[in-house]
Every structure is written in C-alpha cells, then in structure tokens.
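Contents: one structure, followed by commentary.
The values are calculated or read from the model by the stated rules, or taken from the named source; none is laboratory data. No experiment lies behind these values; they were computed from the predicted model shown. All Cβ positions, even for glycine, are placed from backbone atoms using ideal geometry, and neighbour counts span all protein chains on display. Side chains are part of the model used for accessible areas, which takes the heavy atoms of the whole protein and leaves out ligands, DNA and RNA. Shrake-Rupley method; radii C 1.70, N 1.55, O 1.52, S 1.80 Å.
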There are 2 protein chains.
Amino acid sequence: MKEGTLELPGNCRLTSNYDVLQWDVREGCEVRQILDRIADKWSLLVIALLDKRTMRFAELRRSIEGISKRMLTTTLRQLERDGIVERTVYATVPPKVEYNLTPLGNSLLDTVQALVIWTETNQVRIAEARDQYEARQNESA
Amino acid sequence: MKEGTLELPGNCRLTSNYDVLQWDVREGCEVRQILDRIADKWSLLVIALLDKRTMRFAELRRSIEGISKRMLTTTLRQLERDGIVERTVYATVPPKVEYNLTPLGNSLLDTVQALVIWTETNQVRIAEARDQYEARQNESA
DNA sequence: CAGTATCCCTTTAGATACTG
DNA sequence: CAGTATCTAAAGGGATACTG
C-alpha cells in the first residue's frame, strides 16, 4: 500500500510506519467543528427521526423524551444552518412549521442509522463489559 | 411493508401511518446512554485513531490536538468500561500503557469512519450552506 | 403552535500541581 | 510515563414567562 494508490480525503495522511490512515483532527479544523456539531446529545436523534418523513416541531418534541423546547429549537437551527435540515413555515394561524432532511441530510442518514443500529445491536455486550469492568474493580480493591 | 416482514431491533417500532421506522429513544434508555457515550466530543476521534493499531497514552494525546490529560483519561476509561477499548499496562519503569480496540470496538470502527469521512467529504457543502443561511438572515433583517 | 427571552443552576472540562 | 486530585471558569441546558 503506497501513497497515491488510494483516494484519500484531504484530511487524511498515510503514515510511513504503519499501513493505516491517520486523521488530521486539529483543534478548530472544519472536520472537528462539524463532528462536534452532529455528534452532540440531540442532533443524531433528530436526524434519525426525520428519516423519509416530515415532522412538525411538537411532534419531534414528543418523540425525543427529555428534550426541552429551547434545546430542540437550538438543535434544529444548527442543523438548518448546516444545510442538513430544511425548515418550512406555513403562514397559518396557529403557525405550522415542518422539518425534513435536505439531500445533504439524507446522505448523512445512513451513517447515523448505522450508528444507532450498532448501539441497539450491541447493548447487551456493552452491559456485560460494564459488569466485568465493575467486577475487576472490586477484585483489585 | 407489514410488521413482522422485517427483522427489527428491539427498540424499533413500525408506525401504522407511515412506512418508516421509529426509534424508541426514551430518556435513560440503553441506546440513549450508549449513544451519549460514544457520540461525544472525543470518543469518536479516539476510536478512529485506534484503527488497526495500538497506541500509547502520550501518542494519543499528541494525535488529538486540544485534548487535556484529564479528558483523555476519562474518555479512555469509559471506552474501556464499555468494552470498546482494551488497556494493557506494562510493569516497567517508567510505566507503559497501550490502548487498542477490542473486537467490539472494531465492529464500531466502520461506522465511526463513515461518519468522519462524511464530515470530510461534505465540509465544503456545509460551509456553503452556512453562508447561504447567513445571507438569508441579513436579507430578512 | 412554535417559538423567544431571561434567569439560574448544573455539568463540563481546562489549568495546575502532585504521585507511583 | 501515565496518570490522579483539586479548583475554577465557562458552557450547557432546564424552568418559567411571554409573544406573533
């Protein structure tokens, strides 16, 4: 495996000592900024929920137990700003606002779902690992 | 598409009104806990870096610009507790500690890399979306 | 309904100093 | 080297009240 035999994203480099990719994850770099944005407490859930459908504000709020009005607004605004979510306001009384994924958001959906599914699939193994970790702690103490 | 024709993870339900999956993301549920753990500021980067190799504490710290000793320790301990990272201590002076992904961690790697690559691939589109969002804000003001 | 604005408490996480 | 302990500034985020 030599440099140039593979198309790498611009922030990757191939180290000479190991045949592995190394990420350039400098503080404040674009990738870090975007990762911090989408990998937060709520964004992933919002994206997963908007799969193939449009949802209204209150509907999203009911679907994500524990989220406050303020945080849902903040999260949706950030996702809108990043071009991941589209916001449509209907000039009715009372107002109606719909949210859906943009094409860019849709391109992110597969990955997000993969992450959620991995989490679901492996929750038992993780619970076991935690038990074993606890056991080891008690043992050495 | 009818219920039962597809194997769904236990936390999914099929709503009757739409042919889409709905996630059960109740506060404090297993999936939410695990998602909160791995989708944080540093865990994704640590997992991505440990791809196919072992790294020492200081090496990880150098690779992730901006992370403090304390946060790297905390992140690694959580990942170890969840069975995603394995920690090996060599009883030498000075001490040497190596970290690598467990099989469980490796099963998560593809998804994490997909997320990082998506971020890299789409950073220009996101930057454009932000500019347009700003423009719209100024316009309406 | 879909937000904003404000207040204020809680959590997070950086800096620093110390240790086996 | 690979941490731990402590302190503290800053950010996160809930509760409440108000608005077009």
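Distances in nm, one decimal, shortest first, from B:Glu134 to the same residue in every other copy, taking the label point 7 angstrom along Cα→Cβ. Counterpart label points of B:Glu134 in the remaining copies fall at 5.0 nm. Each label point was placed 7 Å from the Cα along the Cα-to-Cβ direction; for A:Arg70 and B:Lys41 their separation is 2.0 nm. Normalised by 2.2 N^0.38 Å, where N is the number of residues, the C-alpha radius of gyration of the range B:20-140 stands at 1.34. Here is the interface size for A with B: some 6200 Å² of accessible area buried, both sides summed, with a 1.4 Å probe.
Between copies, B:Ser107 shows label-point distances of 3.0 nm, shortest first, with the point placed 7 angstrom from Cα along Cα to C-beta. Taking amide H atoms as placed 1.01 Å from N in the peptide plane, the amide H of B:Arg53 lies under 5 Å from those of B:Leu101, each 5 or more residues away in sequence or on another chain. The aspartates and glutamates within cross-link reach of A:Lys41, meaning a Cα-to-Cα straight distance under 16 Å and a gap of 8 or more places when in the same chain, are A:Glu65, B:Asp24, B:Glu27, B:Glu30, B:Asp36, B:Asp40. Of all residues in chain A, the one whose Cβ lies closest to the rotation axis carrying A onto B, together with that distance in whole Å, is A:Ala39, 2.
Each residue of the range B:37-44 is assigned a 3J(HN,Hα), and the resulting list reads 6, 7, 9, 9, 4, 10, 4, 4 Hz, derived from the Karplus form 6.51 cos²θ - 1.76 cosθ + 1.60 (θ = phi - 60°), x at Gly and Pro.
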